[in-house]
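Q: One structure, pasted below without further comment.
Just so you know, all these numbers are worked out from the coordinates, no wet-lab data involved. This is a predicted model, so every value here is computed, not measured. Cβ placement follows ideal geometry from the backbone for every residue including glycine, while neighbour counts extend to all protein chains displayed.
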Amino acid sequence: GRAFTICGTIQYMAPEVLSGGPYNHAADWWSLGILLFSLVTGKFPVPPEQDHCSMLRKVRGFPYEMPLHFSPPFALLITELLCKTPSRRLRTLDRFKRPTFFHGTTFDLILLQRQPLEVTDKCLDVVSSHMSEIVEETFNVKSK
């Protein structure tokens, strides 16, 4: 089915949602791409605008460039999730599970909550580093 309503946080909205046109579940995959990008970088890939029309112009014209610290598999995943054409966007769980970024991840056990997620020291270091940057930028202070 397709929807025509516009609701939610503007930074996460897919181009087809911002335009007010019909959209489907592919818009949710776009939002996941925005969420993953933001979790890793501490920033939105497109700076927010005050209204839907301005945000749509910015999203349509924005040249998505992956930060250099993204691994190639993660950069590919984000590129596929943030494809501006919904019919070409990554939009199935099976396709989502394929990238080498998720190599070794057992989705079925995680989805069924039978296997806890393991957070590695490397993950914690990346998150800690980005959180320090966010605190420094937000509060204009240097962390230790």
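Q: All other residues with a Cβ under 14 Å from the Cβ of T9 taken together, and with Lys, Arg as +1 and Asp, Glu as -1, what is their net charge?
A: Result for the local shell: -3.
Q: Given H placed 1.01 Å from N in the peptide plane, which residues other than close sequence neighbours of Y23 have an amide H under 5 Å from its amide H?
A: A3
Q: Is there a quick way to get the dipole size of the range 7-90? I mean about its Cα centre, with the Cβ of Lys and Arg at +1 and of Asp and Glu at -1; what is the value in debye to the nearest 20?
A: I would put it at about 140 debye.
Q: If you don't mind, there's one more thing I want to ask. Please give the peptides 81-94, 18-31 ranked by average Cβ packing (other Cβ atoms within 10 Å per residue), highest first, as a rough proxy for protection.
A: Top of the packing list down: 18-31, 81-94.
Q: Based on a Kirkwood Rh over C-alpha pairs, give the Stokes-Einstein translational diffusion coefficient of the range 1-91 at 4 °C and viscosity 1.567 mPa s in µm²/s.
A: Estimated via Stokes-Einstein, D reaches 98 µm²/s.
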